[in-house]
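Novice: A single structure is presented below for examination.
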Amino acid sequence: MAGGVQLIDEAEESLARERVSDRRWLVVLGAFLVGGFTGAILFGSAVLPTAPSMTEATLPPPSASTLQDDAPGLGEVVEGFDDALVAVVGSTTGIDYLLWPIARGPTLRAIPTVQGEAATIDPTGVWIATLTPVPGSAGDLLSLGRSTSIRPVVTDVDSYVWHDTTPGLLAFLRFDERSWSIWEASAFPVPTKRVDLGPEYPGSLVAYGSWGWALQRAGEFEVVSAAQRGPDGSGVMTYPGTLLDTRDDVFLAYDSGRVQVIRNGLPLMHVERPVVSAGALSPDGSKAALIESGGVSVLEFASGEVVFFPLSPQSTQLAWADNRFVVVPSSPRGVRILDLERGEMTLQLTQYTVYWAGTIGNPGS
């Protein structure tokens, strides 16, 4: 039982120490104590806490964790599963952050959002972000934090995405001073403007990494390099199709019945698949899981082999546990766990609507 809890504590403490070391938390604390004065300087009236108090009235406050002491751990339910499962779930009481460690049953904590589709968790499983509609605003309210403390960051946000490897770091797209721009925010949110994109809508922000940012438009996606692009458009590449996932310099994309793997702008391989709506690269980069019509398939890059699991996904999102398991929110309730080694598929958490699911890797595995 202690192993599952310690896993989360160590991750959060390590990340907190890393963020505290640059002392940005002092800036944030000061901004909140003076009623958003610093935020007003950075963004004007569009930034909270001076922005709408409606969130306090309409969103449920965080509640204390509930523990099911007699429930089995995930490792007992799914043999060989060595990670903790995290998910955004809906129940009769609202939207919750669910944590299911290896050695005991799931725990829940309420998170401040009224729409399960509007919350995601970063790659570490610790940091949570939500988007909330704001009446009269050009965009949504972005909030960021842990399950114990999720704080408003900024309004007028069009879209956001987590960094594909760095813990607690996200980028968001916002219309500011008659121009679209990409900003960054971390676990102690003092947003930083990174790239100005001009007055025309550039598309939805869908990926972010050390390589830069990716914006999805109808039929194509644009990759903006980490270096600010110049007036001649240098540092920008446009690709046909839909970007499904990124990991470091590897892109997984889909276009006209073909799944492609791209590295450093060059196509490495492709496989014909009729209809693909989402995808995720495995941690070691050797495979990809794809949501297709009527199920989930797993593509092995080296051999080109494809294994298909028939099911009805709940959302266009899926995650990996190690390189053996694929975790998929399932319709109408629960989460499917696909065991690639055994070729098996199990259904868990059937008492919940699962909007988003991911894992926290076991440091000892």
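The values are calculated or read from the model by the stated rules, or taken from the named source; none is laboratory data. All of these numbers come straight from a predicted model, not from anything done at the bench. Counting neighbours? That spans all protein chains shown, and the Cβs are built from the backbone with ideal geometry, glycine included. Calculation scope for accessible area: heavy atoms of the full protein, side chains included, ligands and nucleic acids excluded. Shrake-Rupley method; radii C 1.70, N 1.55, O 1.52, S 1.80 Å.
Novice: Apply 1/(1 + (r/R0)^6) to the Cβ-Cβ distance of ARG151 and THR93, taking R0 = 22 Å, and write down the FRET efficiency to the nearest 0.05.
Specialist: With R0 = 22 Å, the Cβ-Cβ based efficiency is 0.50.
Novice: Which FRET efficiency value, to the nearest 0.05, do you get for THR350 and ARG217 by plugging their Cβ-Cβ distance into 1/(1 + (r/R0)^6) with R0 = 45 Å?
Specialist: The calculated FRET efficiency here is 0.75.
Novice: Given the whole protein assembly as supplied and a 1.4 Å probe, what does the accessible area of TRP183 come to in Å², nearest 10?
Specialist: 20 Å²
Novice: Give the shape of segment 98-167 as rounded, prolate or oblate, defined through the alpha-carbon gyration tensor: a ≥ b ≥ c are the square roots of its eigenvalues, a/c under 1.5 means rounded, and otherwise the shape is prolate if a/b is larger than b/c and oblate if not.
Specialist: Verdict is prolate for segment 98-167.
Novice: Another question about this same structure. If I model a spin label as a point 7 Å beyond the Cα along the Cα-Cβ vector, how far apart are those points for HIS270 and ALA103 in nm?
Specialist: Between HIS270 and ALA103, the label points sit 5.0 nm apart.
Novice: For segment 147-195, which whole-number percentage of the solvent-accessible area (1.4 Å probe, protein heavy atoms only) is attributable to carbon and sulfur atoms?
Specialist: On segment 147-195, the fraction of accessible area on carbon and sulfur atoms equals 47 percent.
Novice: So, one more: For LYS193, LYS287, what's the largest-to-smallest order of accessible area, 1.4 Å probe?
Specialist: LYS193, LYS287
Novice: Another one. If ligands, DNA and RNA are left out, what is the accessible area of ASP255 with a 1.4 Å probe, given in Å² to the nearest 10?
Specialist: 40 Å²
Novice: Next question, about the same structure. Per residue, how much accessible area does segment 128-207 have with a 1.4 Å probe, in Å²?
Specialist: 35 Å²
Novice: Could you state how much accessible area SER225 has, in square angstrom rounded to the nearest 10, with a 1.4 Å probe and all protein chains kept in place?
Specialist: 30 Å²
Novice: Something else about it: About its Cα centre, what dipole magnitude does segment 298-365 give when the only charges are +1 on Lys and Arg Cβ and -1 on Asp and Glu Cβ, stated in debye to the nearest 20?
Specialist: 280 debye
Novice: Can you send over the carbon and sulfur percentage of the accessible area for segment 198-322, probe radius 1.4 Å, protein chains only?
Specialist: That share works out to 52 percent.
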